[in-house]
Structures are given as C-alpha cells and as structure tokens.
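Below is one structure, written out as structure tokens, with a few remarks after it.
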Amino acid sequence: MNKNSNLYQIIYAAVMVLIVGTVLAFIYMALKPKQDENIANDKRKQILSAVHVIPASDNAIEETFNKYIVAGYLLNKDGSIADSAKNVAFEIDMKNNIKLEERKLPMFKCKLDDGSFKYIVPVYGAGLWGPIWGYIAVNDNGSDIYGAYFSHEGETPGLGAEIANSKFQEQFQGKSIYPDGEFKSISVMKKGQKPIDGSEYVDAISGGTITSRGVQAMLNDCMTPYDPFFKKLQCGTIK
C-alpha cells in the first residue's frame, strides 16, 4: 500500500487511536481499585477527624476506622434505625443525596477508648466557589457537639478555606444543639454578634462571610432531620 495515500493515512490514524485507547483503558482499569481505595481512606480520615482520632499512618487508616467506628446506620424520619448493614452509611454519596426529595439519613456510631459513644452526622452544602462538607460528632447525651470537621472544594485560601482550619472547627466543641430543650442548629456569626433565636454560635471567618453563611445553612439543613434521633438518645431509647 502506498504510504503517501489518503487511505493509508486514515488506516494508520485509526489503528493508532485504537491502540492508544486500549492502553489508556487498561491503565485506567488497573489503577481504579487503588484510586477507589484512596478515596475511601480519605473519607475514613475525615470521619475520624470529627472524633479527634488520627490514624498512625496511611496504612493504618482502614484498621483504625474499623476499630473506632463500630456501626453505621440509615435512619427513618422518626429517628428509628432503618438499616444497619455493613457499609450502608459509608456508601452514601452526600453530593447526590442532598439533592433527593427523600434523603437518606446516614449516621456513624463511634466508640472511643474511654468507652464513650459518639454519633457522627455527615453534612454537605455550598460555599462561595463550590461544595463544602463535613462531619459533626454528637455526644451520647444527644445534645452536645463533641467535634467537627469541615472541608471544601475551592474556597479562597486565607478566607473561606479557613473552615478546614482546626481553629475554626474547635469552636464547635461543647456547643449544645438543644440550648433550651428544642433543636437549634449552631449559628455562625460575625464576631461580636449573637443569634436572636437563642441558638449557640461560633465566630464566622473574617473575610469569609459567604462561606460562613454556607456552613450555617449546611448545618441547619443537614442536621435538622436528625432531631428525632437525638431526642431518642436524650430519652435513653437508643443505646
């Protein structure tokens, strides 16, 4: 065949595209299990961060998670447990879940070294430039926050991105979501201001007003559906 002919050039290009496509597909399939494992381990680290547990190394993430996270649930609207199958809560994609008219309510149960239990709620919302998300750990009294973790996709460094800073997250420790016996999500207020509804609050990020408002809206939107569960904890009907 004439290598200078149009037909040869077309066949040659088609063969090269096929070969390159096959190689790339093979590489993707070979690397995907490792990529999926890294994504899962990152999620495990975030959940553990809400209860102040830090794995000794990257190789110990899954082992540490399995040690401390003793159960995962999907809850009914009335706060009862709908499903407690292994990984049922872990496999919920909050990015998609938050868009559903009938959301699933995942919950993680943690047992710390001192024998105390914490209940971890995933939260997901919108910041200034993109998604924000996190995990809120509540004490087994069903009222007080034990710890919080937040992260983001693209908030402004030094401003909205400060939600991922421990200094901001530590403000949530010890705050009550039942300050007067009724559920009230934590407010995020400009320094010197207080919420008028009596809810407990933390200081907003200086220069990160929209992101701070996003955190407050996210907490209210994602934690309110868990009110019946928290009340069951308070009454001692869930162990």
Calculate the spin-label point distance for E182 paired with H52, positioning each point 7 Å from the Cα along the beta-carbon direction, and give it in nanometres. 3.2
Can you flag which of K109/K194; K43/K111; K45/K104 are past 30 Å Cα-Cα? K109/K194
Percent relative contact order of the chain, based on C-alpha pairs within less than 8 angstrom and at least six residues apart? 15
Show which lysines lie in cross-link reach of K191 when reach means a straight Cα distance below 25 angstrom and same-chain residues fewer than eight apart are skipped. K167, K175
Nearest 20 debye, what's the magnitude of the dipole of the stretch 69-235 about its Cα centre given +1 on Lys and Arg Cβ and -1 on Asp and Glu Cβ? 60
Which aspartates and glutamates, if any, have their Cα less than 19 Å from the Cα of K86, not counting same-chain residues under 8 positions apart? D36, E37, D42, E62, E63
What order, most packed first, do the peptides 159-165, 89-95, 223-229 have when packing is the mean number of other Cβ atoms within 10 Å of each residue? 159-165, 223-229, 89-95
Extension length gain for K194 and N87 (0.36 nm per residue less Cα distance), in nm, is 34.6 nm
For I81, what residues show an amide H to amide H distance below 5 Å, using hydrogens built from the backbone and excluding near sequence neighbours? N76
Have a look at F168, F26, F117 and tell me which one the Gaussian network model of the chain (Cα, springs below 10 Å) gives the largest fluctuation. F26
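No lab work stands behind these numbers, since they all come straight from the coordinates. What you see is a predicted model, and the numbers here were worked out from it, not measured in a lab. Glycine also receives a Cβ, built like all others from the backbone with ideal geometry; neighbour counts cover every protein chain displayed.
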